[in-house]
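What follows is one structure encoded as structure tokens, with my remarks underneath.
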Amino acid sequence: MLETTRGAMRALAILLLVTVATQIFYITVVSAAGDETPLRPATWLVELFAFVGIAVSGITLAVRDSQRAHLWSLVALSGLFNMLQIAMGLSMFGPASEASETVPNLFATILGGAFFFYFLAKLLLGLAALAIGGTAVRGGAGLARIFGGLAALAGGATVVIGFLAMLDRDGWMFPAGAAGTAVAALFALTLLTAKDS
């Protein structure tokens, strides 16, 4: 699928939609299942590998589409930072929580770092969606133009909300998550409906 530019764009779109699905599944099913549910790490692992694919697709597109290499690089970095924050959750949250009696601020510090990467990843994806969505509005037609416009709007909002969330995690955590999910979905739909490159 990554052999052509169009194939890489489709792969990226599908992987973005996988992350949207896992976010919805996490909120509606995993959160209600309790802290000890095996669904939590399983969902995070699915997301982790989806973000690995997003990073690889972004790098592939940056190499193939030299005029927009900087934008595809933002997508790749977004995938990388999401990989880091999920890896922190899977490998560090448990031990840090167990050590909280002896090192009281350890878990809060790791949690804060993971969320910082999470917000930064959303902001970078928002920047890419803003620019590529804008290109679809100017040069696309039909659904690509509609989704591109919506992706650009969501991208701009995600950049602002992600920035605010990096300054104030507790106040902007849920808006940042919602904006990041929306921009991933709209960006994916823009890529799926765009004309062949």
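Computed over the range 1-139, relative contact order equals 22 percent, with contacts defined as Cα pairs under 8 Å that lie 6+ residues apart. Counting only DSSP H runs of at least 4 residues, each contributing -39500 (n - 2.57), and dividing by the residue count of the chain, the helix-based mean residue ellipticity at 222 nm comes to -29500 deg cm²/dmol. For the chain, carbon and sulfur atoms together expose 71% of the accessible surface, with a 1.4 angstrom probe and every protein chain in place. What the Cβ-Cβ distance of Ser31 and Gln67 gives, at R0 = 45 Å and to the nearest 0.05, is a FRET efficiency of 0.60. Relative protection proxy for 124-131, 104-111, from highest mean packing down: 124-131, 104-111 (other beta-carbon atoms within 10 angstrom). For the range 1-78, the solvent-accessible area works out to 50 Å² per residue, with a probe of 1.4 Å and every protein chain left in place. The residues of the range 81-179 have, on average, 49 Å² of accessible surface per residue, using a 1.4 Å probe with all protein chains present.
Quick note on the chain: its Rg to Rh ratio, both from C-alpha atoms and Rh being the Kirkwood radius, is 1.00. Measuring between their Cα centroids, the range 131-197 and the range 62-113 lie 21 Å from each other.
The values are calculated or read from the model by the stated rules, or taken from the named source; none is laboratory data. Nothing here was measured: the structure is a model prediction, and the numbers come from that model. FYI the Cβ positions are ideal-geometry reconstructions off the backbone, even for glycines, and counts take in every protein chain you see. Please note that ligands, DNA and RNA were not included when accessible areas were found on the heavy atoms of the full protein model with its side chains. Shrake-Rupley method; radii C 1.70, N 1.55, O 1.52, S 1.80 Å.
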